[in-house]
Every structure is written in structure tokens, then in C-alpha cells.
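This report refers to the structure that appears directly beneath it.
The values are calculated or read from the model by the stated rules, or taken from the named source; none is laboratory data. The structure displayed is predicted, hence computed values, not measured ones. All Cβ positions, even for glycine, are placed from backbone atoms using ideal geometry, and neighbour counts span all protein chains on display. The protein model used for the area step is the full one, side chains on, heavy atoms only, and it has no ligands, DNA or RNA in it. Shrake-Rupley method; radii C 1.70, N 1.55, O 1.52, S 1.80 Å.
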Amino acid sequence: MDKIKDQPFIDRVDGVQKVTGTAKYSAEYDFPGMVYGVLATSNVTKGTITAMDTKPAENAPGVLAVITHLNCPELPGYKNLPDQSKLADIKKGYRVFYDNIVRFNGQPIAIVVADTFERATYAASLIKAAYAKETFNTDIDVAEKSGKALEGNNFKEYVRGEANAWKNAAVKIEAEYKMPIEVHNPMEIHAITVNWESDTKLTMYEKTQALSSTQQSVMRAFGLKQENIRIITQFIGGAFGSAFNTWPHSMAALMAGKKVGKPLKLMITRNQMFNLVGYRPQAIQKMSMGASADGKLVGITHDATAMTASYNEFTEGIVNASRSLYNCPNVNTTYKVYPLDLSQPTWMRGPGETTGAFALESAMDELAYAAKIDPIEFRLLNYAETDLEDKKPYSSKFLKECYQLGADKIKWSARNPEPRSMKEGDWLIGYGTGSGIFSAWRGAAKVGARLLPDGSLILASGVTDMGPGTATAMTQLASETLGLHPRDIKFEMGDTNLPPGPMQGGSGTTSTLGTAVHNVCQSIKKKLADLVKDNPMFHTEIVHEVKVDDLLFENGFMMLKTDKSKKISYADVIKNAGLKEIELQEDSPGNPMANHSAFSYAVHFVKVMVHSRTGVVKIARCVSAVDAGKIVNQKTAESQIVGAVVGGIGMSLMEEGIIDHRYGRWVNNNFADYHVAVNADVPEIEVLFVNKPDPVLNPMGSKGMGEVGIVGFAAAVCNAIFHATGKRIREIPVTPDKLI
Amino acid sequence: MDNNCKNEGRRDFLKKSTALAALAVASPALVKAGENDEKIAALFEKIPLNIEVNGKAFSLSVEPRTTLLDFIREQLHLFGTKKGCDYGQCGACTVHVDGERINSCLSLAVMNEGKKITTIEGLANGEELHPMQKAFIKHDGFQCGYCTPGQIMSAVACINEGHANSRDEVREFMSGNICRCGAYPNIVDAIMQTKKEGSTHD
Ligand code: FES
Ligand code: FES
């Protein structure tokens, strides 16, 4: 095994497949007679479809079917809906081809099926619809002025101590922070291949982060038995939260595949990635904060406004970080959400916290400067030793260590703290910091294990992997727990026929699945020990019945702790016992957090260079120090944080979803106009892990890390820009126009 | 287009006219509704293409509107080349045409008559991975792996072009390949190592 920074790691177990192009994503399954689905979409924003002309499309060469709301197959899931007329709009939801209502621009109004992709694409362009248009609003500013925010339990005001206590503080700031819509835009365009084996049975290859819930939703919609829906997701080309829902295009593909009775493939377009598979909602946040002259927080008031679709109540924990990150006695938060005539948002990497921390961590910096205290010093002065929101102790918290590690690495104290004081030629230099917090948790999952007669191990769980390297981490864990070389372990995943795994997301996969893997490996050890308990080789004068605790498990052998020369291979144990194999299944028994609060933490340090005349911002250096508990695989863990930081660079400097509010249409729904960070935008990114185990969450001591790596990063950039220029930018992305 | 192509076109048209005449005399009873249209469309829509992909010669016919990317994926079933945008904005579809990197979504299959295409499937030498592929694994130059075939094809060409003389140059000349997982620093590491070890064969 290789060593990197004294941590063991293995290379990705699926690396060869990924570099040779043999890793299969959802649009890459071949069936004889494959047909192609292409969506036609509305070009109005709100209203009803009054007429459709599908004839030219139906008559176009190669076309097998056109499905619209007019000939939508009867779906059990559509038939059994509660009376829609009695529901508030926000509760109605949206089901593709269910009715003639247009709820957002670009909504699918038809799916065209043809024998080739080109023919389906051409035919879809022939679909015509007439609409009765209605007035609409896609602008959050307009909604805030004249609209009505959603009501209900999700929008209750939170007050701890005294509301608006900041007003009476010696030092105070008030500021408003804005961020636009951001879009996940994984490189793999969402795609699905469906293969109905009969009217009641199908296999689908779907881009999903959650096999079980996808299976449930297809089951309900089509009235099928669970065992008759097999979902296969071997590889996901990135998702970042965009692949939890069973989106309209997937439902359309399922309907169409059933109707034509042929295997069908549908890959939406990059344009459609902007409004058919969710996005991070736009948000406007007002922070009002006060501290005593000696730098103790007196009060935080965080008022957040965000948006959702008219038909879907999407909420996220934007204000949560303000309640729990610092030791502040008086905190009050409000969260308002306005429905707009846009498609629905969804979770995106670090949902809620990423948005909230941009405001909170920018405001902390403003307050630190106002109080004339070093921003890191200021955070240490307000360090929370217990969770004041939940009133529980932390399972583990090494945030202090993060501040220390990161500050040392970037030489924080060597900078001149005075804004606009550092220069290199035409470039103004600045350093900034921002912290991130994200819930750590553990869910329920099952893992099956088979130890084969040759001593190799097969683990199996119905989890999917969008990139962090779940199979790699699980292989490594099993290797360490069971004493097997990684190459003798195979981790099977991505199939609903396997024991049900967890969803992949929310930074809980390793914690959840790892617990089940750990447990199943322990059970195998017990079973092996049981099989050799009577073997005289292991008997000593004192020990006449060997127990698992008397044994070591290394390199495929079990041996006596006291005398390693007495050993037997797992293969021989199985053979001697006359067994075919050892097969076991174990669970992760869900959340162990009744008495604790658990979070992962990250502290980002950024060095920026701002061009004094053009306002161009370059990220010159990033150091991110992370408390994610014990690290399972240093290499893939580093990659996850690097990836999150790259996402953060995009978020701070370039990503901005733009809607033309006159038409309710997307303006920049492609990669030429919606900029994400490219190679030239990204400097060296240094990742430091505290790497201390969490004693409560799971047997590995790990916490999550997929999300926390982006939380607080945008604030670090804006704070660095302030340090470089003396100009406080409160609206991301920080494009050059905002600096000149 | 050169003269050669024009001549081809005329010959094709003649061939098609003959076939159309044959269709026209087929007994309507024998031909299902629409099938005529279908056959006529197919005749007009497809033109022959000779192309070499990963050392294998193919002689088949394609619709002129089929992109090289869709041809490779849907007709040759080589799914290693990815579609990330279909508009030439992401680099996921990068392949080599006569040794040079291009976005295959921006090229029509028929524009590649007589050309040699290399896709990610053609990079390794049997079981032996190309040094760039090995370096990507070693430096963890990917997460989800979806941009990876395009990155690797681009990376090999980047060195061959002489555009890998410094980390900054690599960053610049690899910026046509988006990696949303953000593996960029590791990708640069992989390219610098491959360049250093002097292996640039295609
Ligand atoms: S798919 Fe060709 S550049 Fe994106
Ligand atoms: S590895 Fe996922 S996009 Fe590059």
C-alpha cells in the first residue's frame, strides 16, 4: 500500500474503467432496436396549451410516437391524485403531460420517439402549440415588493435570547448580501435508458443518487410491484444534488418506452440542464450583527429571502449556520420564500449552508474589521463549545485546529492586515478567510458480504457514486477491517437488486455505508473465528477455545495474537469447514445522534490578486483546513475538497444564472454564457485535514466532507477582495465590473 | 468541397433515382403506409462514409446531419467519448482526427471521410494503459470520470502540440475541457508527469 502524508490510501478501484472509457453512464447501454426520445418544450412562461399540432412530427421519417398531455397514457400515479382544485398552487406539484398548464418556460410539452436521435430531434422541432398566455413573474425583487411569501412551519421565526440584540452593541454592522441562481451542471447530461420487458416489468438505467427513492416513485407512478422495477446506475457523471428527484424527463421516457414497446434512450440537452433538473435558488440576505468592544458577539439577526417554483415548496437551511456556528447568546432569524414562475430548485452542494455562510462569514469579516480585531482572532473569541441551538454537546469539534492549521500554512499573520496595503506590480493582493459548517450524520443501510473459497471478498450494496469514490473508500475500509488486500475485494453497487444502500448525498454516504461495511467485516471475523475455535493449532496451555479477540486478521490469514506463526488462510478455513462460501448481511442502524450535535467544519484561506485597473480577480492560492473526522482515503478525500473549492471559485467569481424577466426565459443556459471554473481559473489548492476521529458517529470515526468544502468559500474570496482593495463586494459573482 | 465530392454526389443521386423508380412501381398492397416515405427519406438522408476509427476501417452510410460524436457513440457504440454539451463548449467529446484534438460534437461525421480517428478506446495498447491514463489514475485526475476521456485525449494532444512546457501553459491549453468535479490541479499533475517521462505517443 502506498503512503501519502503518512496516510494509507488506495487508488480508485474504478480508475481503469474511467480512464479507458469503459465506465458505463446511463445513456451508454446498448439494446437491439434502441429508439430515442427527445423533448419539445414550451416557449411561453405561464398559461395553458389551447391547441397542439403534432401531425407533422408524427409523419416525419422514423417517428414512432408523440406523447403530449392530450394522449398521455393513464398512469395510476396520476389517477389517484387528491383533488387538485382543492390544493394551493404550491402543493400541486408538477407532473409531466398531466394537464395543459404551463408553469415555466421550457416545460416539456411533448416527447417524440424515433428510430434515430437525429430524426427524433428534427421531429421534436415540428411540434407546435398554441397557448393562452397569462401574466407571470420570475423576478424575486418584484415578488418581494408585491408578492406573498409562503407560510407554514418551515418559515417560523427563530429567536434565541433577545431578538435584535445587535442594536444595542458597541460595534455593529448591517449589510445585504445577494447571490444569483446557480446551476449544478454536472458534466454528464441527465440521461435515462428504459427497457420494458413487459407492461408490468422494467429495467431502467437512470442517473440517480438514490436508487430506493427512485424505485419508489416509479412504483407509485406506474402502479408496479417493487420487485418488477430494476434500476441500474453503475456510474454517475457528477450530480451535486441534481439527481435525487425523478425528474419529468425520466417520467416522459418511461411513458414513451412503454408505449412503443422498445428500449428507449433519452438524454436531455445542456440547455435543458438549466431548468429541468433543479438549481440552487437565488437569495437575498440581510445580516445585522453586533459585538462588544472586546469582540464578543452580542446579537445576530439573519433575514433571508429566497425563491422557489410556483408548484413546489422548496426550502433549505439558509439561516442555520447563523444559529450554530458561533457562541452568540442572542440570535433571531427569518426565512422568506417567494414562489416564482420558474422551474423548481433543488439541493445543490452544501444546500442552505453554502448560501447562508456566504452572508454570515462575510458579515463576520465586516464586524471583525469594524471592531478592529483580526478576523481569525474574532472567530476564536466567539468559539462555540456547545451547540447553543440544540443545547447538546458536540460529538467532536476540531474547528480550532482548522483555524490554526490553515492560518499557519498560508502565513496569515505575516500579511499586512490593513486593506489595500499589499501590492505586486499592478495587482492588489489580499487575504481572506471564511468558515464552513455542515451537519454530520449517519443513516440506515444494508451491505451484503460473501467471502469466497479463494479467500476473496465481495461486498454489495445498492448505493450509487457520483464521483467521491464510494467503492474505493468501502474497499479500503474492508481491507483494513478484515485484513485483505484491496485487490481481493470487490464492491458491487448501483443496482436495486442488491441489498438496499443509502442515497449518495448529504455528506452521509461514508458514515452510513462504512458502518455497515465495518459491521459486516466484524461479523465475518466472528464467523471465521467460530469456524476455527476447535482447531488445535490455536490452542495453548491456557486457551482451549480460540475467540475472535485472540486472533489477528492480516493479508488473508488469521493468526494467534501471541504467536503469529500459528496461522491459517481464510480460504483454508472455508475449505476445511466444507463450506461453499461465507455469506452475511449487516446494517448500519441509523442515527446514533440522540445526545449529540454533529458537524463537519472547514476553514478556507484565500489569497487573491485584483488587477488595479481592470478589476479582474485571480485566485492565487487556496488553503482549506477541514475537520471531517478520521479520513478513510486521503487521496479521494483531498480530491473531494479540491473539487468543492473549485466549485467555490466558480460561485464567487463567475457563476450566475440569468433570466430575462420580460419573457421568463433563461438567457445564459449553456457553458459559453454560464461560466464555470476552468483549468486556468484554478490555482494550487492545499487541503489539510485535522484527521482526528469522531468518537460517536460511526466506528470509523469519520464525518462527512462532500458539502463542507464549498461552505464559506465565497465569503473567503469576498473578504480577500476587501483586504486587497478596501472595497466590500456583497453580491456574487464578483465580476470585474463590480470592482471598477 | 472539392470536385471529387461533387462527382460522388451526382453518382449518388443517380443511384437514388433508380431506387426511387423501383419504389414507385412497388405494389401499394405490399407496402405499409408510410413505408415508402421512410425508404425515400433513408435514401436521401444517408451518404456513404469511409473512416478509420482506432485502427479499424469502417465503410458505412450516415446521415449528413449526424455529428462525429453521435456517429461514434450511437453507430459505432463506442461510448467512451462523452457528450457534455453538444455545442463545442465543454471538451467532453474530444477525439483525435489525424492526430489532432477536436470537439467531435462540432464536426459532422461526413466531414471525416478518409480520416483516422482515435477515441479513448484506442489509446491503450491492449491491456497496457497509455502513460497518460496511468498518470490520471496515479494523480487522481478525476472524480466522476465523465470528463476524463476528453481530458485524456486533450492532454495527450496538448503534449504533442508542445503546449505543456509549464503548469501555467498546461492550464491554459487544457481550459477547453471542463471538469465540474474540479480535478484540475490533479489533471495538471498528471500531464506534467507524463511530459517529464517523455511519453507522447498516440
Ligand atoms: S460535447 Fe462537444 S464540446 Fe461539449
Ligand atoms: S471528473 Fe467529473 S467532470 Fe471531471
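To the nearest µm²/s, what D does Stokes-Einstein give for the stretch A:297-445 at 20 °C and 1.002 mPa s, using the Kirkwood radius over alpha carbon pairs as Rh? Rounded, D is 122 µm²/s.
Extending 7 Å from the Cα toward the beta-carbon at both A:Asp294 and B:Glu169 defines two label points whose distance is 5.9 nm. Think of each Lys and Arg Cβ as +1 and each Asp and Glu Cβ as -1; about the Cα centre, that makes the dipole of the stretch A:443-588 roughly 120 debye. For the stretch A:443-588, the alpha-carbon radius of gyration amounts to 1.09 times the rule-of-thumb value 2.2 N^0.38 Å expected for a compact globular protein. Per residue, the stretch B:131-197 exposes 28 Å² of solvent-accessible protein surface, assessed with a 1.4 angstrom probe and all protein chains in place. Each of A:Gln522 and A:Glu554 was given a label point 7 Å from its Cα along the Cα-to-Cβ line. The distance between the two points is 2.3 nm. Of the residues A:His544, A:His604, B:His77, the one with the largest accessible area comes first in the ranking A:His544, B:His77, A:His604, computed with a 1.4 Å probe on protein heavy atoms. Dipole orientation for the protein assembly as shown: of the candidates A:Cys72, A:Phe244, B:Leu68, A:Cys72 has the Cα lying most toward the positive pole (charges on Cβ; Lys, Arg +1; Asp, Glu -1).
Compared with its chain on its own, the stretch A:95-142 contains the following residues whose accessible area drops by 50 Å² or more in the full protein assembly (probe 1.4 Å; ligands, DNA and RNA excluded): A:Phe117, A:Glu118, A:Arg119.
Per residue, the accessible area of chain A comes to 36 Å², computed with a 1.4 Å probe over protein heavy atoms only. For the stretch A:176-217, the share of accessible area belonging to carbon and sulfur comes to 43 percent (1.4 Å probe, ligands and nucleic acids excluded). With the simple spin-label model, which puts each label point 7 Å out from Cα in the Cβ direction, the A:Glu151 to A:Glu541 separation comes to 8.4 nm. Per-residue mean of foreign Cβ neighbours for B:146-152 is 6 (Cβ atoms of other chains, 10 Å radius).
Which whole number gives the average, over all residues in A:181-187, of C-beta atoms from other chains lying within 10 Å of the residue C-beta?
Neighbouring Cβ atoms belonging to other protein chains average 4 per residue here.
In terms of its C-alpha gyration tensor, the stretch A:619-706 has a prolate overall shape, because the principal axis ratio a/c (a ≥ b ≥ c, square roots of the eigenvalues) is not below 1.5 and a/b outweighs b/c. Checking the Cα-Cα distances for A:Lys207/A:Lys630; A:Lys566/A:Lys635; A:Lys372/A:Lys423; A:Lys207/B:Lys134 against a 32 Å cut-off, the pairs over it are A:Lys566/A:Lys635. Only the Cβ atoms of Lys and Arg (+1) and of Asp and Glu (-1) were treated as charged; on that basis the dipole of the protein assembly as shown about its Cα centre amounts to roughly 800 debye. Average projected area of the Cα convex hull of the stretch B:131-197, in nm²? Computing the convex hull of the Cα atoms and averaging its projections yields 3.7 nm².
Overall, the accessible surface of the stretch A:443-588 at a probe of 1.4 angstrom is composed of carbon and sulfur to the extent of 50 percent. Remark: the Cα gyration tensor places chain A in the oblate category, a/c being 1.5 or greater and a/b not exceeding b/c.
Considering only protein heavy atoms, with the full assembly of protein chains and a 1.4 angstrom probe, order A:Arg662, B:Arg101, A:Arg450 by accessible area, largest first.
A:Arg662, A:Arg450, B:Arg101
Taking a point 7 Å out from the Cα of A:Asp408 in the direction of its Cβ, the residues of the stretch A:665-705 whose backbone N falls within less than 18 Å of it are A:686-693. Positive end of the dipole of the stretch A:330-377 (Cβ unit charges, origin at the Cα centre): among A:Tyr338, A:Gly352, A:Ile373, the Cα lying farthest that way belongs to A:Tyr338.
If packing is taken as the average count of other Cβ atoms within 10 Å, what order do B:131-138, B:175-182 fall into, highest mean first?
In decreasing order of mean packing, B:131-138, B:175-182 become B:175-182, B:131-138.
For the stretch A:204-269, place one equal point scatterer on every Cα, skip the solvent, and apply the Debye formula. What is log10 of I(q)/I(0) at q = 0.19, 0.24 Å⁻¹? After summing over all Cα pairs, the log10 values are -0.74, -1.20. When chains A and B come together, the accessible area they lose, probed at 1.4 Å and totalled over both chains, is close to 4700 Å². Find how many whole Å separate the alpha carbon centroid of the stretch A:424-452 from the alpha carbon centroid of the stretch A:497-512. For the stretch A:497-512 versus the stretch A:424-452, the Cα centre distance is 17 Å.
Expressed as a whole percent, the accessible surface of the stretch A:15-163 that belongs to carbon and sulfur atoms is 52, based on a 1.4 Å probe.
Pairs over the 23 Å Cα-Cα cut-off, from the set A:Lys55/B:Lys82; A:Lys91/A:Lys178; A:Lys533/A:Lys575; A:Lys703/B:Lys138; A:Lys201/A:Lys265; A:Lys526/A:Lys575: A:Lys55/B:Lys82; A:Lys91/A:Lys178; A:Lys703/B:Lys138.
Seen through its C-alpha gyration tensor, with square-root eigenvalues sorted a ≥ b ≥ c, the stretch A:264-369 comes out prolate because a/c lies at 1.5 or above while a/b is bigger than b/c.
Interface burial in the stretch B:183-197, defined as at least 40 Å² less accessible area with all protein chains than with the chain alone at a 1.4 Å probe, covers B:Tyr184, B:Pro185. Among the residues of B:134-141, the average count of other protein chain beta-carbon atoms within 10 Å of the residue beta-carbon is 5.
At 222 nm, what helix-only mean residue ellipticity would chain A give, in deg cm²/dmol to the nearest 500, using -39500 (n - 2.57) for each DSSP H run of four or more? That calculation yields -7000 deg cm²/dmol at 222 nm. Have a look at the stretch A:639-665 and report residues whose accessible surface goes down by 20 Å² or more when the remaining protein chains are included, against the chain on its own, probe 1.4 Å, ligands and DNA/RNA excluded. SASA drop of 20 Å² or more in the stretch A:639-665: A:Ser639, A:Val642, A:Gly643, A:Val646.
Using the charge dipole of the protein assembly as shown (Lys, Arg: +1 at Cβ; Asp, Glu: -1 at Cβ; taken about the Cα centre), state which of B:Asn125, A:Met537, A:Gly647 has its Cα farthest towards the positive end. Result: A:Gly647.
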